[in-house]
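The values are calculated or read from the model by the stated rules, or taken from the named source; none is laboratory data. None of these values were measured; they are calculated from a predicted model. Note that each Cβ is placed from the backbone with ideal geometry, even for glycine, and that neighbours are counted across all protein chains shown.
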Amino acid sequence: MKYNILGYLIGEGLSNVFKNKKSTGASLIIMCATMIIFGVFLILGENINHFVTNIKSEQGFQVFIKVDATQEEIQKFGEDIRKIEGVSTAEYISKEDGLNTMKKRLKDDKGVLNGFNVEVLKASYMVKIDNLEQSQQIQEQIRKIDNFAKITSSDETITTLIHLANGIKIVTGAILLLLIIISIFIISNTIKLTVHARRKEISIMKYVGATNNFIRWPFIVEGMIIGMISSAISIVLVGGAYNFIAQELVNASFMKLIGMSLVGFGDMLSSIIVVYMLLGIGIGALGSVISMRKYLKV
Amino acid sequence: MIEFRKVYKKYDTGTDAVINANFVIEKGEFAFLVGSSGSGKSTLIKLILKEEEPTSGNIIINGKDTTYLKPSRIPFLRRSMGVVFQDFRLLPDKTVYDNVAYAMYIVRATPRHIRRQVPMILSMVGLSNKAKMYPNELSGGEQQRVALARALVNAPSMLIADEPTGNLDPDTAWDIMTLLNEINMRGTTVVVATHAKDIVDKMKKRVIHIQNGKIIRDDKKGGYDYEI
């Protein structure tokens, strides 16, 4: 019998969605619009996160060793670096590796490197550290090691970038929160229109002795279904647009220049589906509850 | 049983809608509430349905004082009474059958019970052949019959009708009243608010006359007017 009631309430909600085509359409469009904007910020946030993680994992510097250092000296140099407290890894980059990296960067123009004598290049260590704040101190210690040539570091740029990214993340979070509030407000207003149009029906239900929950649930189901449909539509639209833009950006030269990559939509898909569905269903349900309050007082 | 004890109702607008109403409508009784528009009879109906709260006094329904009834219990009070209105108040997008079955869904009747009860009640009001039609395909009298069927399908102990014949022509109105009388014969308490003078005179039932919020007459077998 419980199942019977549940089935009835869900069935009512479902048939309401299709019966009230105009208000369902209005709710869908508005909800999709908010969810797409929401998606833009969500994806922006994901990418900033990705960017920051990338940068953080790359924090460190490249230490070059004098050209004339022997293989043993190079070996010792690496060991000395690893002994310093706060150094997490020190990866050896041989002269040949260095040349290959250069060739890769130049890609089409790598012909200029033909006949290049690998011996003029310096071998180096890519040093990664645990904490960016110790960077200066560790660099000081490395400078004292024999056969030290030079350090190239992008510390300051990285710190600035991380600060910037964190700032953007906070702003994005605030915008997301604002969007959620706005969509609840909009959805509750749209559903209010439906409820208002059916206030007579609701009053009949009350006279026949329907409890508030019995009246409320079909509307909540209706809101949830609308939320679910708009989520699905938005995911498809946002996904399509993102894939297109990502494709274009991957080929853009400035992205290559700063060595930044975008998160693939497939990687975000599962989390986006979860967030969207929860949000869509939640907003729909909450919107219905809010908009119904006034009309249940008969 | 419906009992009013020193019931006053003053609306926020300052109107005294009901002044010191005292009466008892016994179980199985048939009573008319008569009076001109704005006399307070609709307020009396609303007080019985607990759509409005009395400003003071007590209303006892089936032996229970409804004054302190929790709002969440109101639906259950309303299930003990069937209600019929002047404008029928049917759900336009449901068939005759579903309109009646709806009242049973609400009280969580089993599908088997619904399948048995709805056709029975529809045949009682003479609408067996219109079960699959929609309200807008029916005449006024037929719509009121559907409303009656809906009000009665859960076998309430009382039936409250607010101007049930107000939108109907005299012949149809009389049919509805005959039906109400039949329902009363089966043991249901029937309370009808109306200003259909000829019907009240013809039925020779109890008449509670309200004017400007005061009950000015309560006749066991009366007519609409003083003289009779």
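Of the residues making up segment B:135-182, those that are in contact (Cβ under 8 Å) with a residue 24 or more places away in the chain, of a type in the set (D, E, K, R), within 20 Å of B:H195 (Cα to Cα) and not in a loop (DSSP other than H, G, I, E, B) are B:R145, B:D162, B:D175. Within segment A:75-94, the set of residues being in contact with a Ser or Thr (Cβ under 9 Å, 6 or more places away or on another chain) and in a helix (DSSP H, G or I) comprises just one member, A:R82. How many residues does segment B:174-228 contain that are over 19 Å from B:E29 (Cα atoms) and of a type in the set (D, E)? Looking only at that region, the number is 4.
Which of the residues belonging to segment A:208-221 are in contact (Cβ under 8 Å) with a residue 60 or more places away in the chain and within 14 Å of chain B (Cβ to nearest Cβ)?
A:N212, A:F214, A:I215, A:R216, A:W217, A:P218
If the condition is being within 14 Å of chain B (Cβ to nearest Cβ), buried (at least 19 other Cβ atoms within 10 Å of the Cβ), at pLDDT below 85 and touching an Asp or Glu at 6+ places or on another chain (Cβ under 9 Å), then segment A:184-207 contributes only A:T194.
Being touching a Phe, Trp or Tyr at 6+ places or on another chain (Cβ under 9 Å) and not small (G, A, S) is the filter; apply it to segment B:57-68 and report the residue that is farthest from the other protein chains (Cβ to nearest Cβ). Across segment B:57-68, the extreme among qualifying residues is B:N58.
Look at segment B:10-26: where a residue is without any contact (Cβ under 8 Å) to a residue 24 or more places away in the chain and over 14 Å from B:S42 (Cα atoms) and a partner is among the acidic types (D, E) and surrounded by 12 or more Cβ atoms within 10 Å (Cβ to Cβ), sitting 6+ places away or on another chain with Cβ atoms under 6 Å, you get B:V24/B:E3.
With the requirement that a residue be outside any strand (DSSP E or B), in contact (Cβ under 8 Å) with a residue 12 or more places away in the chain and among the hydroxyl-bearing types (S, T, Y), what does segment B:189-228 give you? Scanning segment B:189-228 gives a single hit, B:Y224. The residue list B:R78, B:R116, B:R89, B:R73 contains one member that is surrounded by fewer than 18 Cβ atoms within 10 Å (Cβ to Cβ), within 14 Å of chain A (Cβ to nearest Cβ) and not acidic (D, E), which is B:R73.
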